[in-house]
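*Asks:* One structure follows; several queries about it will come next.
The values are calculated or read from the model by the stated rules, or taken from the named source; none is laboratory data. Bear in mind that the values here come from a model prediction, so they are computed numbers and not experimental data. A quick note on method: Cβ atoms are made from the backbone with ideal geometry, for glycine too, and the neighbour counts reach across all protein chains shown. Heavy atoms of the whole protein, side chains included, go into the accessibility calculation; ligands, DNA and RNA do not. Shrake-Rupley method; radii C 1.70, N 1.55, O 1.52, S 1.80 Å.
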Amino acid sequence: MVAALEREVRPLVKRWRKVQREHEGGGFTFFENGKAVLVCGGIGAEPARRATEAAIALYQPELVQSVGFAGALDPKLNVGEIFSPSRVIDARDGSSVETATGRGVLVSVAAIADVEQKAKLAESYGAHAVDMEAAEVARGARTRSVRFMAVKAISDDSSFSMPSLDRFVGRDGKFCETMFAASLATRPWLWSKFFQLARNSGKASKALCAELERYLSEGKKLDVSEPDWHPISKVIH
């Protein structure tokens, strides 16, 4: 499993074995439980790529899952709902991968999408949800002929305007909570929005971890084929 941040999956991995491993000069924190391994690569496509490559090289998994939060583009998707798409689109070049499981379309973008951008993504790609990492995880799995699927929990609905958090994300994809807290402390007009976001994130994390725990406890093999990659189809300008 490849996630962005530990807070997304903390209820799941809190009792898993935590290990530090290196791959191609980079250090990674893995969580192992015997049945699965999870790595938190950081926010964005490049950290997701590095984490996916490390996980595949070090553990040789049969299946790679992109797990974490997603924003709703479809008004019918509510906070805390699980969304497992049948297709993942990379908005950077319009390429896509079909997962042979799930339903709906997830589009991966380079930055957090506000309400206007959400509407544009939904219209341009027929997408139901948006994230920042799944397409790159899918690409890494495809390159190494490993099966792929995505399991996301909705953390913000289609009408929720996500604030820009890019300046708090380092080159390694890590979120600087200290800098964020200091910035938020001087902007009380943003407190209500971030309190709501925190509540939504907690609900999404709980739902995501329950779904992943159910998947692991059932221990059933999914009929998931290797990623079927499609060339560029449409790009937002």
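*Asks:* If you roll a 1.4 Å probe over the chain with all protein chains in place, what percent of the accessible area is carbon or sulfur?
*Replies:* So the carbon and sulfur contribution to the accessible surface is 51 percent.
*Asks:* Next question, about the same structure. Mind jotting down the distance between the C-alpha centroids of the stretch 16-70 and the stretch 192-214, whole Å?
*Replies:* Distance between centres, Cα-based: 21 Å.
*Asks:* Ok, one more. Note the per residue figure in Å³ for the convex hull of the C-alpha positions in the stretch 1-158.
*Replies:* 103
*Asks:* Quick one: accessible area per residue over the stretch 1-119, 1.4 Å probe, rounded to a whole number of Å²?
*Replies:* Result: 44 Å² per residue.
*Asks:* If you add up the charges near THR29, with Lys and Arg at +1 and Asp and Glu at -1, over every other residue whose beta carbon is less than 9 angstrom from its beta carbon, what do you get?
*Replies:* Value of the local net charge: +1.
*Asks:* If each DSSP helix of 4+ residues adds -39,500 (n - 2.57) and the sum is divided by the residues in the chain, what number results at 222 nm, nearest 500 deg cm²/dmol?
*Replies:* -11000 deg cm²/dmol
*Asks:* Could you tell me what fraction of 2.2 N^0.38 Å the Cα radius of gyration of the stretch 1-70 comes to, as a two-decimal ratio?
*Replies:* 0.99
*Asks:* Something else about it: Percent antiparallel among DSSP beta bridges with both residues in the chain, to the nearest 5?
*Replies:* 50
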